[in-house]
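The values are calculated or read from the model by the stated rules, or taken from the named source; none is laboratory data. The structure displayed is predicted, hence computed values, not measured ones. Methodologically, a virtual Cβ is constructed for each residue, glycine included, from the backbone with ideal geometry; neighbour enumeration extends over all protein chains shown.
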Amino acid sequence: MEQRIAVIGAGTMGSGIAHVAALHGYQVYMIDEKPGVVQTARVRIHQRLDREVEKGRLTPSEREAVMDRLIEATWDHVADAELAIEAVLEIMEVKKAVFQTLDRVLGPEAVLATNTSSLSITEIATTTRRPQNVVGLHFFNPAPVMKLVEIVRGEETSDDTVQRVQTFATSINKEAVVVQKDTPGFIVNRVLMPLFIEAMRIYEEGIASKEDIDKAIKLGLNHPMGPLTLADLTGLDVDLNVMDYLFQEFHDDRFAAPMVLRRLVRAGKLGRKTGKGFYNYDGV
Ligand SMILES: NC(=O)c1ccc[n+]([C@@H]2O[C@H](COP(=O)([O-])OP(=O)(O)OC[C@H]3O[C@@H](n4cnc5c(N)ncnc54)[C@H](O)[C@@H]3O)[C@@H](O)[C@H]2O)c1
């Protein structure tokens, strides 16, 4: 089993992935290109662990052991990592540059995983000399809490690589599903985006209030939160990017972003990042 992992990018997802891996005994090398980001992530993880200690789920010495396993690193330190998980910006060229570096600095057996929400695993893998070891490992936010990971096969991903990340997912107490073909949106976003779009269209057409749309889906489909609340939470700019990407790839109106969403994003009402989105915003 892998012992050491590298997490590239220490933002929302990278810090959550590092947290959950260190909690389950992995030594985690954390890299971020921006100075201070890894320290900030470590402070946040410490605060989350403090709450676990207060609830009696962790002892203070366990908390310190987890923190000791979270190591701020540079590319020079990560050569012995058996698994790398990339969680940098959702921009193909940025990810390709990271994978080129990972391919250069990590041992030939190491698995290189990407947490991309939508980009092609196959295309990312082309920048490496080991496409058979490249795989999608898609966590959900917040990574320490959400049970699911989508394991996504690129064209050349080997069975052994899928098996290794499946074992890793189980070892950090996640449930994995395997997406057998490298397709845009994988499973969850491909189902979620049409749900968001239809809820937004119902709102846009004045068919029901946003509160009633969310209430209907919560109580009628037994979802823990309504689609407009969830869209705010994931970030409206992120949602719009994913829809535009799926539309471009599938050429299918199921993924055509509603105008109300575009207007909110243009107005800088981005949901999670601004505290304003479908909720707290009246001027649409
Ligand atoms: N936020 C979500 O809900 C969510 C859920 C699942 C997957 N994802 C995916 O995870 C990835 C990260 O998303 P996020 O929300 O954590 O973004 P974020 O902006 O919070 O964090 C990205 C981090 O990567 C760093 N970074 C950028 N370029 C880098 C480089 N070349 N080398 C090292 N560090 C670099 C940035 O400084 C930043 O700290 C994206 O691919 C996104 O699509 C996000």
Note to self: Step by step: first the residues of the stretch 228-274, then only those that are in a loop (DSSP other than H, G, I, E, B) and within 16 Å of the ligand (Cβ to nearest atom), then the one that is farthest from the chain's Cα centre (by Cα). Which residue is that?
What the structure shows: 274
Item checked: Which listed residue is outside the structural domain of residue 240 (by TED's automatic domain parsing), of a type in the set (Ser, Thr, Tyr) and under 30 Å from residue 191 (Cα atoms), from 101, 40, 116 -> 116
Next item on the list: Hey, could you check the stretch 136-155 for residues that are touching a Leu at 6+ places or on another chain (Cβ under 9 Å) and surrounded by fewer than 19 Cβ atoms within 10 Å (Cβ to Cβ) and say which is modelled with the lowest pLDDT?
Entry: 141
Check: Got a sec? Which of 81, 110 is surrounded by 18 or more Cβ atoms within 10 Å (Cβ to Cβ), over 24 Å from residue 187 (Cα atoms), in contact (Cβ under 8 Å) with a residue 60 or more places away in the chain and more than 10 Å from the ligand (Cβ to nearest atom)?
Finding: 81
Check: Inside the stretch 124-163, can you point out the residues that are touching a Phe, Trp or Tyr at 6+ places or on another chain (Cβ under 9 Å) and in contact (Cβ under 8 Å) with a residue 40 or more places away in the chain?
Finding: 136, 137, 138, 148
Check: Quick one: how many residues across the stretch 113-130 are crowded, with 21+ Cβ neighbours inside 10 Å, under 8 Å from residue 154 (Cα atoms) and among the β-branched types (Val, Ile, Thr)?
Finding: 1
Note to self: Just to be sure before I move on: is residue 133 in contact with a Ser or Thr (Cβ under 6 Å, 6 or more places away or on another chain), crowded, with 19+ Cβ neighbours inside 10 Å and either over 30 Å from residue 48 (Cα atoms) or not charged (D, E, K, R) (or both) in the structure I sent?
What the structure shows: yes
Next item on the list: For the stretch 214-246, enumerate the residues that are over 22 Å from residue 273 (Cβ atoms), among the hydrophobic types (A, V, I, L, M, F, W, C) and touching a Pro at 6+ places or on another chain (Cβ under 9 Å).
Entry: 217
Margin query: I need the full set of residues from the stretch 218-243 which are touching a Gly at 6+ places or on another chain (Cβ under 6 Å) and surrounded by fewer than 22 Cβ atoms within 10 Å (Cβ to Cβ), in order please.
Written below: 218, 235
Checklist line | Flag for residue 122 being more than 30 Å from residue 256 (Cβ to Cβ), in the same structural domain as residue 80 (by TED's automatic domain parsing) and assigned to a helix (DSSP H, G or I) | finding: no
Notebook entry, point to check: Going by the structure shown, is residue 186 among the aromatic types (Phe, Trp, Tyr) and either under 19 Å from residue 264 (Cβ atoms) or surrounded by fewer than 20 Cβ atoms within 10 Å (Cβ to Cβ) (or both)?
Noted result: no
Check: Given the residues 98, 43, 94, which is the only one that is β-branched (Val, Ile, Thr), at pLDDT 95 or above and in contact with an Asp or Glu (Cβ under 9 Å, 6 or more places away or on another chain)?
Finding: 98
Next item on the list: Considering (1) in contact (Cβ under 8 Å) with a residue 12 or more places away in the chain; (2) within 16 Å of the ligand (Cβ to nearest atom), say which one residue 178 fails and leave the rest.
Entry: (2)
